[in-house]
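Contents: one structure, followed by commentary.
None of the figures in this text is laboratory data; all of them are computed from the coordinates on show. Just so it is clear, the structure is predicted and the values come from calculations on it, not from any experiment. Don't worry about glycine lacking a Cβ; one is built from the backbone with ideal geometry, like all the others, and counts go over all protein chains shown.
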């Protein structure tokens, strides 16, 4: 363990201003060090302002911490504040935010030089979700929530499983999928621009479907999904028209969605459109009890 003075080569009798300046610079340290610091509201505010890609703050947690600080109930429990090699605040966001809000300094142990990839493994009282780690990658909150729910479907499908299977994947595998498949990101951006009100099917399923269709024909995938969400100038004998009518009716009547049946029907509608095949109604699209899950037509 080092002191601030030792780490920054300051005199043992360094002034308070010099020590505060050194503390402000701690996130810039790339090597692994553990440093005790009296974190003032000014230091806390500086660290938060430079850390613009952390997960959303839980206001209830910060409020509780602020109350504890102001009423002398704050207890040191041995937890550290961690900065990654990139300078990113990996752990301690809510405690730092509380110090800034409460206006009360607190001694803390600051750890620098932690591998940034450790972000999703750090236990902070609430396990980091896949949405959290996607936000850290710079994705907006709305898009991250959609992608986090869609990525397991995509990974299932690529593995030969039903997309709606209940497989769980660690955050680093979801991030690898996001980073390695450009079409996933393109589909995600497309889906976030669709209408958000009275959607026929969830945006996460839509992202999976657009990705699955776009692997064969991006323009056709765009047209299919836009028709499903917007409904303009749809052929009344076309599969998309009947699919949209049934899905919206389910929404209006508040019927519980069957994930597998919805995905099944959407893929059958896509296949019918690709084959230029007309359908007489929605019953031709939704599965019977013993019907196998369809493959996506090219």
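Nearest 0.05, what FRET efficiency do residue 57 and residue 32 give at R0 = 22 Å with Cβ-Cβ as r? Plugging the Cβ-Cβ distance into 1/(1 + (r/R0)^6) gives 0.25. Taking every DSSP helix (H) stretch of at least 4 residues in the chain, weighting each as -39,500 (n - 2.57) and dividing the sum by the residue count yields a mean residue ellipticity at 222 nm of -15000 deg cm²/dmol.
By definition, a body whose alpha carbon gyration tensor gives a ≥ b ≥ c is oblate when a/c is 1.5 or more and a/b is not larger than b/c, and region 4-127 fits this oblate description. The mean sequence distance of close C-alpha pairs (under 8 Å, at least 6 residues apart), as a share of the length of region 4-127, puts its relative contact order at 34 percent.
On a 0 to 90 degree scale, rounded to 10, what angle separates helix 239-252 from the longest Cα axis of the chain? Computed tilt is about 60 degrees.
Given the Cα-Cα distance of residue 292 and residue 142 and 0.36 nm per residue of separation, how much length would full extension add, in nm?
Separation in residues times 0.36 nm, less the Cα-Cα distance, equals 50.7 nm.
A Förster radius of 51 Å, combined with the Cβ-Cβ distance separating residue 162 from residue 42, puts the computed FRET efficiency at roughly 0.40. Each Cα pair under 8 Å and six or more residues apart adds its sequence gap; the mean of these over the residue count of region 145-189 is a relative contact order of 35 percent. Counting other Cβ atoms within 10 Å as a rough exposure proxy, the listed residues 297, 187, 204 run 297, 204, 187 from fewest neighbours to most.
Here the peptides 91-99, 140-148, 230-238 are ranked by packing, the mean other Cβ count within 10 Å, and the order with the highest first is 91-99, 140-148, 230-238. Across region 188-298, Cα pairs under 8 Å and at least six residues apart give a relative contact order of 27 percent. Once the chain from residue 115 to residue 18 is taken as fully extended at 0.36 nm per residue, the excess over their C-alpha distance is 32.1 nm.
The Cα center of region 29-59 and the Cα center of region 97-117 differ in position by 5 Å.
Kindly put 256, 268 in sequence by how many other C-beta atoms sit within 10 Å of each C-beta, fewest to most.
On the way: 256 5, 268 21.
Placing the least packed residue first, the sequence is 256, 268.
Which percent, to the nearest 5, of DSSP beta bridges fully inside region 4-127 are antiparallel?
Percentage antiparallel, nearest 5: 70.
Computed extension length for residue 6-residue 277: 90.0 nm, one decimal, from 0.36 nm per residue of separation with the Cα-Cα distance subtracted.
The C-alpha atoms of the chain define a longest principal axis, and helix 59-70 lies at about 10 degrees to it. With the simple model of a label 7 Å out from the Cα in the direction of the Cβ, residue 25 to residue 173 spans 4.4 nm.
Against the main long axis of the alpha-carbon atoms of the chain, helix 171-180 sits at an angle near 60°. With a point put 7 Å past each Cα toward its Cβ, work out how far residue 232 is from residue 80 in nm, to one decimal. Label at residue 232, label at residue 80, 5.6 nm between them. Among beta bridges identified by DSSP and lying wholly in the chain, the antiparallel ones come to about 70 percent. In terms of surrounding Cβ atoms within a 10 Å radius of their Cβ, 181, 90 rank from fewest to most as 181, 90.
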